[in-house]
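Asks: Pasting in a structure now, in structure tokens, and then I'll have a few things to ask.
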Amino acid sequence: MKEPSDLVFVDVSDELAGHLAYALRRYLKYARSVGMPVPDEVRQLEQRFTLSANRSHKEPDTRSGGKGVHDGHMDALTVTYADAAQALRVSRRTINRLVADGTLVPAQIGGSKRIPVEQLRRIAKGETAAARGDVA
């Protein structure tokens with residue numbers, strides 16, 4: 001256990017927390033790729049910044065110049081594989097396995113595949129058969 005004098009508290013905006021979380025994720029990815037050990041505190045810090053950033057994060061719609069259906073007030077219907085992994089607190093590889101075994105069925109949108117949010121909610125509740133569309 002750390003002594004109170006060793007603790008550091010940082011009060012940052014949600015936007016800055018997002019940038020810090022991103023930077024720490026990149027660092028952790030690099031450290032893993034070169035086999036560098038990373039203290040647990042760094043992982044915990046990245047998680048806290050991610051939670052803080054997600055608290056009020058709204059994805060801007062840059063394609064329509066802020067006009068149109070998605071003006072930042074609409075909840076996402078689908079998410080990327082990485083976002084799905086983060087939402088379920090699992091690895092990206094686990095998401096790939098769930099897609100491969102049919103537990104998750106991605107939607108093809110343009111040139112990319114996205115995971116419907118409703119399927120993630122069902123999995124989080126333990127209803128994997130419902131996510132596949134099976135009838136019990």
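The values are calculated or read from the model by the stated rules, or taken from the named source; none is laboratory data. From a predicted model like this one, the values you see are computed outputs, not experimental measurements. Reconstructed Cβ throughout: ideal geometry from the backbone, glycine too, with neighbour counts over all protein chains shown. Only protein heavy atoms, including side chains, enter the accessible area calculation; ligands, DNA and RNA are left aside. Shrake-Rupley method; radii C 1.70, N 1.55, O 1.52, S 1.80 Å.
Asks: Applying the selection to the stretch 104-115, what residues are surrounded by fewer than 13 Cβ atoms within 10 Å (Cβ to Cβ) and not hydroxyl-bearing (S, T, Y)?
Replies: A107, Q108, I109, G110, G111
Residue by residue, here is whether (1) among the hydrophobic types (A, V, I, L, M, F, W, C); (2) surrounded by 11 or more Cβ atoms within 10 Å (Cβ to Cβ); (3) at pLDDT 90 or above holds:
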| position | (1), (2), (3) |
| --- | --- |
| D75 | no, no, no |
| T80 | no, yes, yes |
| T94 | no, yes, yes |
| G102 | no, yes, yes |
| A129 | yes, yes, no |
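Asks: Of all residues in the stretch 2-40 being open to solvent by 100 Å² or more (accessible area, probe 1.4 Å) and part of a loop (DSSP other than H, G, I, E, B), which is modelled with the highest pLDDT?
Replies: P37
Asks: If you take the residues in the stretch 44-73 that are open to solvent by 90 Å² or more (accessible area, probe 1.4 Å) and not in a loop (DSSP other than H, G, I, E, B), which one is modelled with the lowest pLDDT?
Replies: Checking each candidate, the answer is R55.
Asks: Looking at (1) in a helix (DSSP H, G or I); (2) over 30 Å from D11 (Cα atoms); (3) at pLDDT below 80, can you tell me which one A136 breaks?
Replies: (1)
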